[in-house]
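Take a look at the structure below.
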Amino acid sequence: MCSSTGNETGAGTQQVTYKTFLVCRTIRSGQRYEYPGNVVVMGDVHPGGEVVASGHVIVMGTLRGVVHAGAEGDEKAVVLAFRLQPTQLRIAGYVSRAPDNEGPGNAEEPEIARVRDEAVVIEKYQPGGERRWISRSKIEEEEEQNG
C-alpha cells in the first residue's frame, strides 16, 4: 500500500489536494478501508467489504460491496469501477444501490457514478469525459455566481 499527492488544476479555480491510498489486494467481507482522500483498489470489493473515502474511489475490478466517496460532503467525488454492482453506493449525502433488474456481468465497460441534479447517476466511463464534465460544471458555477 502506498500514497501519493494528486491535485486538479484549472485557470481561476481553487485547487483541491487529496492524498491517494492504494490498496493492492481484494477487499473481502468484513474488511473496511477508510481514508481521508482518494482510494484506489487494485482488486475487487466483495459483498460485505467497505471502502470509505473523502475523495474519489476507483476499483480496478468488480465492486460488489459498500462504497462511500465524498464522505466529508464532497458532492464532486466519483466512484469508478470496471464492474459497478455495489450493495450500497454513497456519494456525499446521496445514497443509491444497484438496480434489481441488473444481472451479473451486464457491464461491458467501466462505469462511473457521480452526483448530477441532486441524484446519483451511473454511466459508462469515457476517458476524457470527466475533464469535460468538470470543466462544464465549473463554467456553470461561475455563471451562477456572476448571474
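The values are calculated or read from the model by the stated rules, or taken from the named source; none is laboratory data. What you see is a predicted model, and the numbers here were worked out from it, not measured in a lab. Cβ sites come from the backbone with ideal geometry, for glycine too, and all protein chains shown count toward neighbours.
List of remarks:
Residue-wise test of (1) assigned to a loop (DSSP other than H, G, I, E, B); (2) modelled with pLDDT of 95 or more.
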site: Ala77; (1), (2): yes, yes
site: Arg83; (1), (2): no, no
site: Pro99; (1), (2): yes, no
site: Glu102; (1), (2): yes, no
site: Gly105; (1), (2): yes, no
site: Glu109; (1), (2): yes, no
site: Val121; (1), (2): no, no
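- Residues of the range 29-71 that turn out to be part of a loop (DSSP other than H, G, I, E, B), without any contact (Cβ under 8 Å) to a residue 40 or more places away in the chain, more than 19 Å from Tyr125 (Cα to Cα) and more than 13 Å from the chain's Cα centre (by Cα), as a count: 8
- Selection within the range 52-80 - surrounded by 24 or more Cβ atoms within 10 Å (Cβ to Cβ), touching a Pro at 6+ places or on another chain (Cβ under 9 Å) and among the β-branched types (Val, Ile, Thr): Val67, Val79
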